[in-house]
Amino acid sequence: MYAHSNHWIFISGDTKIFPGSEILSWLPASVLFVGIIYAGSRALSRLPIPVFLTVHNAAEVITCGFQKFVQKEQTSHLKVCSVLFLLAAAVCLPLCDTQFDPNGYLWALIHLICLGAYKVFHKLWKPGSLSDLDQQYINYVFSVVLLASASHPAGDLFSALDFPFLYFYRFHSSCCASGLLGFFLMLHTVKLKSSTTSGQYAAWNFLAKVITAGLSPFFFVMTANVLTISCLVVGGVGEALLVYTERTGT
């Protein structure tokens, strides 16, 4: 990617030329993307996966609230009900969590805000020649540059030296595998999103979350009581209703 005659040349399969102003207009979304992945990774290091996903899903409250109160769009009662379920689950969960970690929930809240703002920005942004795949390429390149340059001021660079598994080859191979699989998952997600309707995509996304949350206790330690499980179920019901509204258009 390089500048030439007030244009950027961005390589994505075939060489494409984008106006520099178009990439600059997308940079706020890339900043929010960095906040999403950084805060999300910090939250996941402290919170069980089902708990994190429940808070993560509450980002829909921001987008729905923006559509209803800012854009004055008509919102069905069923969608409002689903969003209220998501909000109630995310708010009550910290009060019921037997493994309550304030820092974990703080990072999860930052992740939620960045994700909601990213979705709002994506709805407002007027698409030009940048496809969904091109947007993700820009997000990943920008995140590598920003996180690498900020690792020293943020203290993450020296904190990594104290990591107990730093010199284990399985740790490094797992990191590489995670990065590659995450990248290929992004490519597949973009392809799935472009080849299906919004309702079908939401249904697949919901199914993936349910499988992930259901399998996670077999691999990671999680202590839960009845109230915690109830919050997780309420959040799942809320997202299921949201998927239903996407599929039916209500």
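The relative contact order of the chain comes to 33 percent, based on Cα pairs under 8 Å that sit 6 or more residues apart. Can you list the residues of segment 195-218 with backbone N under 12 Å from a point 7 Å past the Cα of Q74, pointing along Cα to Cβ? So the set is empty, nothing qualifies. For the pair L133 and S230, the difference between a 0.36 nm per residue extended length and the Cα-Cα distance amounts to 31.2 nm. Near E73: Cβ cut-off under 13 Å, other residues only, Lys/Arg at +1 and Asp/Glu at -1. The net charge is +4. Pair-distance distribution P(r) for segment 95-143, from all Cα-Cα distances in 5 Å bins starting at 0: 5, 16, 16, 21, 14, 10, 8, 7, 3, 1 percent.
Only helical runs count toward this figure. For the chain, summing -39,500 (n - 2.57) over DSSP H runs of n ≥ 4 and dividing by all residues gives -23500 deg cm²/dmol at 222 nm.
Here log10 I(q)/I(0) by the Debye sum over Cα atoms at q = 0.09, 0.14, 0.16 Å⁻¹ was calculated from the structure, and among (i) -0.46, -1.12, -1.41; (ii) -0.34, -0.89, -1.21; (iii) -0.42, -0.97, -1.19 it sits at label (i). In the frame of its principal axes, segment 188-250 has Cα extents of 39, 28, 10 Å, reported largest first.
Cα convex hull, segment 126-250: 184 Å³ per residue, rounded to a whole number.
Values quoted throughout were computed directly from the atomic coordinates according to the rules given, and no laboratory measurement underlies them. In this text the structure is predicted, and so the values were computed from the model without any measurement. Every residue, glycine as well, gets a Cβ built from its backbone with ideal geometry; the counts of neighbours run over all protein chains shown.
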